[in-house]
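Taken together, the values in this text are just the output of simple stated rules run on the coordinates, not laboratory data. Computed from a predicted structure; not experimentally measured. Quick reminder, even Gly has a Cβ in these numbers, built from the backbone with ideal geometry, and neighbours come from all protein chains shown.
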């Protein structure tokens, strides 16, 4: 039997909530999501930011978590100060375990590919 760590449980719960919100938003009007046609996707913005020199790896990891959450929840929520606090908390929880740090490292490596 595989042991599930606290970080794994948090990630699973977060993933379930994001899936539910995603489905809920998919049922709502698609117009709300297409309002900002000139704004690049959160992950495209992160790729551009990662290509710049001088950014600390920890900052990139937090930005990765924030971008993933923004991509799932929509750009409208990204400007909310409460969202920034939640994204920081999620990043901190993921980084608490070795598995979480390895997951973020792999994600950053894929981002730069």
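Residue separation times 0.36 nm, minus the C-alpha to C-alpha distance between residue 78 and residue 108: what's the value? Let's see the in-between values first.
On the way: separation 30, 0.36 × 30 = 10.80 nm, distance 2.05 nm.
My answer for the length gained is 8.8 nm.
Along Cα→Cβ, 7 Å out, is where each label goes; now give me the distance between the ones at residue 22 and residue 45 in nm to one decimal.
Between residue 22 and residue 45, the label points sit 1.9 nm apart.
Can you tell me the order of 61-70, 85-94 when each peptide is scored by its average per-residue count of other Cβ atoms within 10 angstrom, highest first? Each step should come with its number before you reach the end.
Details: 61-70: 20.8, 85-94: 16.3.
The most tightly packed comes first, giving 61-70, 85-94.
What nm value, rounded to one decimal, do you get for the distance between residue 12 and residue 56 when each label is placed 7 Å out toward the C-beta?
Spacing of the two 7 Å Cα→Cβ label points: 3.3 nm.
What is the packing order of peptides 97-105, 9-17, taking the mean over residues of other C-beta atoms within 10 Å and listing the highest first?
Numbers: 97-105: 14.8, 9-17: 13.2.
My ranking of the peptides, most packed first, is 97-105, 9-17.
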